[in-house]
Structures are given as structure tokens and as C-alpha cells.
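The values are calculated or read from the model by the stated rules, or taken from the named source; none is laboratory data. Fair warning: this is a prediction, and the values are worked out from it, not measured in the lab. Glycine also receives a Cβ, built like all others from the backbone with ideal geometry; neighbour counts cover every protein chain displayed.
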Amino acid sequence: MTSTSYTHWRLNVDADDIAWLELDKANASANTLSGEVLRELDQALRELAAGKRPRGLVIKSGKTTGFVLGADVKEFEHITDAAEGARLATQGQLVLARLEAFDAPAVAAIDGFALGGGLELALACTYRIAVRGYERNIGLPEVQLGIHPGFGGTVRTVELLGAPRALDLMLTGRSLSPVEAHSAGLVDRLVERDELDRAAAELIRSKPARRRAAWYLRPLNLAPARRALASRVRPQVAKRARREHYPAPHALLDLWVRHGARGPAAYAAEAQSVGELLVGRTSKNLVRLFLLRERMRNLAPKDQPLERVHVVGAGVMGGDIAAWCALRGLRVTVQDRAMEFVEPALKRADELFRKRLKEPGAAQAAKQRLVADVEGAQVGTAELVIEAIVENVDAKRELLESLQPKLRDDAIVATNTSSIRLEDMAGALEQPGRFVGLHFFNPVASLPLVEVVRGEQTDDATERRALAFVSQIGKVPLPCRSAPGFVVNRVLMPYMLEALHAHEDGHAFETIDAAAKAFGMPMGPIELADRVGLDVALHVARILGPVLGDEPPRVLEQKVEAGETGVKAGAGFYRYEEGRAQKRKDAPKPDGDLQDRLMLPLLNEAVACYADGVVDDADLLDAGVVFGTGFAPFTGGPLNYARQRGVEAVIERLEALAARHGPRFRPHEGWGRIRPRA
């Protein structure tokens, strides 16, 4: 066997003349395709081609954290010129073209994540093998960074899958499990981890025909068919992502219509398009959020992962928190007053497991990890106990007092309260230093943020363990101080209340929601209130009233008094049929004045949260509001949006709105701390 080492790659040629090229990026926890990694890959391929031709080539990872996570996103931050971005993409294209043209079969041996540039690397190989057992680890999520595949992926994916499936994968940015990737045609074989190397070598020896799109899909790449298909796809893309907010999916579709994923012109246009997108404001802001997400996930070391969690309260929140923890591999017990209250939670959990866990046996294994414990007999075995009962301080204190004698000496106790200060509950525990807030959001399976709330007595070790736990279960932790509404509810409430004030001034609910969606919000404030629950919204509004200087509008109280509490009641501000809001089609179009009236109170309250020290890092506050409220991601967050719009311009607009609508719009004194970036 012969061996060659590079900074990031190791090359071994075995006795069977198979070359094994292993990526282990230096000084990094995960593999990414930086410029240097790509240059070394090019060097290794050149040296292999210049010597005795091997029987085949296997590309694999030398890390336990996955195959290749993607391109090195940190390099995107420093690109300020479209031509520079195009050169970066072209460099990647040329290296992968050399791999594709290698004079022997090449196999991508995928164990773990193969995303973005990592999947593009695999697509340039002759074959792809993936290890079973992962959830959503294979895909092309570049649109989530405001770009599209740039290393030849817009061409090779269409060649492999055909236009309909390839476009869906790239336009949505969704990722697939290995089973789904195999079914789609992205992956040639599925294996267990201990079979990966043997299966790769067997593929090289047997040399089966290389996959290509089915013959009946190829006519869709002809110009007339491209135009016809694009005319059907464009409205769907526009509905999900307005071109002015998210240009990447539209640019991707334009590329395919013009070039049909064929020939040198398609590659050149791909690189040019990526270069232009990389220097646009949307991509810069989405890259910023991506890097902030990674920073948040690494706020605490993950050297002591938890194994056992006990959840008290099997309602929608508690039951779904328990289910998510079991989905992510923890052993979980869930407690409530009687089995009849636990059974609906177990049923919802089964549905979640079947939907999310596609590997054979995975859903059943998760189901076995989630166990009903009505009597709370297993509290003492849990490293983390989460309280998720009714939002009542006396009930929560009584529960914590009853749990106290059963707790492990080192257990963390957490509350999922959305509005109650931790200091009002901590006295129920003998060791309040081990008490922390873990505020999940509904629906738990969909929303990534968890507020990790530190009370006055919470100790440093407990906060670190709570942050690490949130990362362990695949969520994004936002550390914040115990204060009314914490962060997400506090910044959302002025936005929701102002929507109701606007309705009292004569604006239709549909017009109000349309104004917010035109700004870039995923849902308007009226429908959001219905989905949160108007009773819940009223409860939080009353708690935050003294902080915000704004009382709940009478229309909200009237709806709750009438029992019309939103989606769960079938009626709120809208009526609901099968969970869908029934909206007027003839409502007036919104204007920019209404949009500012809705959005600027949210910005003002975000500034207040920062100035009050609820979150002491403006960047984390931006990320938390985006991940917790859906605040238009293309803006990079509320404070970032204010900087890019102009802080002085925002202050002037708030003052104008205050003069017209009252002191609730008065700019917070904390705006003096929000300055443009150098």
C-alpha cells in the first residue's frame, strides 16, 4: 500500500489498486470545501492521473461528523465583488470536472451529512453509497444562503434526476434521509456503516451502469418543454419566495430555462449567477444568520450529553417536547394527572416518528424511548426534568415542591413557561441554582429556537448544561435573562397589538396580514394570533402591558369572552376550515404606511430588549428573533434591518407615527446603542 498525506486529505492506494482519498479538514470539527481543500483535491487528482492509473477511487470522510457539510460559508463573508464570487465557483467546477472525468470509477462513500458542495462533490463521482440511519442529511440547501448550487450542481442534478425532481430539490433546499435519497435516485446503494468500505470496493469491481435521468424525463429539457414547465413552477416559487426578497430560486429557474442544464454555457452561467448572488444583500444577510446559528449551537461544550429526560405535563407543549427529545435519541418519560391525558401525546408522537424517521425500525425505536409515567416514578433517574404544565405561577410552584424530594442530586430542573419570571418560582426548590427556563415554541417539531432563560439564582454550570442540551436535540439556544415575555413574546406582542389597533382604525384583517407578508413575514399578525390562541395572546398581553405601555384592544377581549380563541376553536379573527383561514378575496391592498405601523414597534421592542440586557449580544438578539418569530430572514434580523434602512430614518419614522397614533411608538432610548457597522 502506498500513502500520501496533504494538509486536509490522505491518499492511500491499497493492494487491490483502489485509491482511497480521505478528507479530514485540519483544525475543523466538520469537513467543508474551502478554497484550500479544493486546491488540494485538484492536486491529488492530478498526481493520481500522472501515475499508474488505479482501478478506482473512493472519496470518504476521515471525521465522525459527516461526509462534507458543504462549501466553507465563512469564505462567503469576504466576497465583495461578483467576479470574485464567480471565480470561486469556477474553481470548484473545474476541480469537480476533473473528478468526473477521472479515468476510473469514482465512489462517494457518504456517512453522515452530504449537503450543498458536499453533495455536489458526490454528484461528480460515478457512484454514491450512503450509510443508513440518518435523518435529512443529504441535499442542496444553498437557497437558504441566498444562492444556488455553484460547483456544477445545477447541471449534474438535472442530468441525474430529471428536471422536475432536481428543480424541486434545489428550489426548496430541503434535505432527504438516505432512504429518501435512494428512492429519488441521488444515491445508488444503502449500507450499514460497517459495510461502507466493502460496498465501495465492490462497486468499483463490478462497474454497473452509471445512473442517468429516466428516458421519458429527458424531453423536458428541450426548450419548448422548459418554458412550459417553468410557467407552472414560477407562480409556486413566487408564492414561497418573492423575487425582491429571495432572488436565488428565481435565478436558478432562469438558468435552467436558458440553458437546459446542458453544456459549457450552463456551467459558465451558473458561476456568474452565483457570483452576483453572493454579493447581494439577501445572501449577505442569510450567510450572517447561518454563521450566527452555528455560533449559538456552540455556546456550550457538548462533552456531557444527556441520556434521560422527564417531562411533567403531556399537553401540546409538554407532549411535543417529550416526543422531540425521544426523536433525537434520548430516553424520555412523560407524566400527567392520568393516562387519559398522556395518550393523545403518545399518539401525536407516533405520527411525528413515522413522518420524520424513514429508516427501517427507527420510528419503532423512538416509540420505545418514550414511556408514560403517570405516577412520576422515574423522576429520580432523569438528568433533566422539564415542567410544562398550565401557565399559572401557583400551580407551577406546587408542582416543583412536589418534585423536589424525588430529584437526583445533579438534576437540572427546567420550566417551559412563556411569561412567568423564574424568580417567582425558584423559591419552591432547595437548590434554585439548578433551575432554568427552557422556552420551546409551538409547533415544537418545526420551530428551531429555544430560549434558555437564566434567573437571578441560576448558576453558570446549569446554564451551560441547558445550552448544551438544546444543541444536543438539534435546536438553536438563545441565552436570555428572566424578564417579562423574555425575548420572542416581548418583541411579538407590540406587533400583534398594533395589528389590532390598525383594525380598530378601519383596516381589514386581510389587509393587515397582507402588509406583514409583503414585508417578508411568514404569516400576518392576525392569523398568527389565531394560531397562538387568542386566550394565550390575551394572557401574555396583560402580563406585558406594564412593560409595553399598551393595553389589550377590546376586540381581543371580546373574542376570548365569546370563546372564539382561534384555530383550536375553529374561529377567532378568522373562521377556520380544516385548519385553513377563510379570508376575504376583495380586501384593500396594503400600503407602506401600514407596513411600518406593524413592523417598527417590533424593531423598537427589540432595541428595548437589548438595552434592558435581556439579551446582551445584538447579533444573538437578531438571530433569536428570526429563528423564534420568523422575522423576515432576508433582512438579517430586526436590528440589522434597522442599520441597513438607516437608524436615524427609523427613529424619524417612529416619531412621525408617535405624533399620529400615540406614545406607544415613541423611540426607545436604547436606539443610541444601535449604530451602523464599520
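Restricting attention to the range 184-200, which residues are in contact with a Lys or Arg (Cβ under 9 Å, 6 or more places away or on another chain) and either outside any loop (DSSP other than H, G, I, E, B) or free of Cβ contacts under 8 Å to residues at least 60 places away in the same chain (or both)? Residues satisfying the conditions are A184, G185, R189, L190, V191, R193, L196, D197, A199, A200.
Cβ-Cβ contacts under 8 Å between residues 6 or more apart (or on different chains), taken from a first residue in the range 458-472 that is outside the structural domain of G437 (by TED's automatic domain parsing) to a second residue that is part of a loop (DSSP other than H, G, I, E, B), are absent. Within the range 181-194, if we keep just the residues that are farther than 17 Å from G56 by Cβ and among the acidic types (D, E), the residue that is surrounded by the most Cβ atoms within 10 Å (Cβ to Cβ) turns out to be E192.
Determine whether R234 is closer than 30 Å to A461 by Cα, surrounded by 16 or more Cβ atoms within 10 Å (Cβ to Cβ) and in contact (Cβ under 8 Å) with a residue 12 or more places away in the chain.
On the way: closer than 30 Å to A461 by Cα: no; surrounded by 16 or more Cβ atoms within 10 Å (Cβ to Cβ): yes; in contact (Cβ under 8 Å) with a residue 12 or more places away in the chain: yes.
No, not satisfied.
Yes/no matrix, rows are residues, columns are (1) charged (D, E, K, R); (2) surrounded by 18 or more Cβ atoms within 10 Å (Cβ to Cβ); (3) within 30 Å of P633 (Cβ to Cβ); (4) modelled with pLDDT of 95 or more:
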position: V413; (1), (2), (3), (4): no, yes, no, yes
position: R434; (1), (2), (3), (4): yes, yes, no, yes
position: H439; (1), (2), (3), (4): no, yes, yes, yes
position: A466; (1), (2), (3), (4): no, yes, yes, yes
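Do we find a residue being at pLDDT 95 or above and not in a helix (DSSP H, G or I) anywhere in the range 524-544? Yes, some residue in the range 524-544 is at pLDDT 95 or above and not in a helix (DSSP H, G or I).
Looking at this structure, is E135 of a type in the set (D, E), in contact (Cβ under 8 Å) with a residue 12 or more places away in the chain, closer than 30 Å to S283 by Cβ and part of a helix (DSSP H, G or I)? Step through it out loud before you land on a result.
Details: of a type in the set (D, E): yes; in contact (Cβ under 8 Å) with a residue 12 or more places away in the chain: yes; closer than 30 Å to S283 by Cβ: yes; part of a helix (DSSP H, G or I): no.
So E135 does not fit the description; no.
Count of the range 454-498 residues, restricted to those that are under 15 Å from R297 (Cα atoms), of a type in the set (K, R) and touching a Cys at 6+ places or on another chain (Cβ under 9 Å), is 0. Take the conditions (1) within 21 Å of N12 (Cβ to Cβ); (2) in contact with a Phe, Trp or Tyr (Cβ under 6 Å, 6 or more places away or on another chain); L69 misses just one of them, which is (1).
The set of residues in the range 588-616 that are in a helix (DSSP H, G or I), within 25 Å of the chain's Cα centre (by Cα) and more than 25 Å from A518 (Cα to Cα) comprises C609, Y610.
Would you point out which residue out of R666, R597 is surrounded by 14 or more Cβ atoms within 10 Å (Cβ to Cβ), of a type in the set (K, R), modelled with pLDDT of 95 or more and within 30 Å of S446 (Cβ to Cβ)? Please lay out each step first, then the result.
Numbers: R666 fails: within 30 Å of S446 (Cβ to Cβ).
Only one candidate qualifies: R597.
Every test in (1) at pLDDT below 95; (2) surrounded by fewer than 18 Cβ atoms within 10 Å (Cβ to Cβ) is passed by A213 save one, and that test is (2). Counting the residues of the range 553-568 that are in contact with a helix residue (DSSP H, G or I) (Cβ under 7 Å, 6 or more places away or on another chain), assigned to a helix (DSSP H, G or I) and over 10 Å from L538 (Cβ atoms) gives 2. Which one is surrounded by the fewest Cβ atoms within 10 Å (Cβ to Cβ) among residues in the range 343-369 that are out of contact with any helix residue (DSSP H, G or I) (no Cβ under 7 Å at 6 or more places or on another chain) and hydrophobic (A, V, I, L, M, F, W, C)? Taking the candidates together, the pick is A365.
For the range 629-667, the set of residues classified as in contact (Cβ under 8 Å) with a residue 60 or more places away in the chain, assigned to a helix (DSSP H, G or I) and either over 20 Å from the mean Cα position of the chain (by Cα) or assigned by TED's automatic domain parsing to the domain that holds L594 (or both) consists of Q644, L657, H661, P663, R664, F665, listed by residue number.
Screening G485 on (1) modelled with pLDDT of 95 or more; (2) surrounded by 20 or more Cβ atoms within 10 Å (Cβ to Cβ) shows it passes everything except condition (1).
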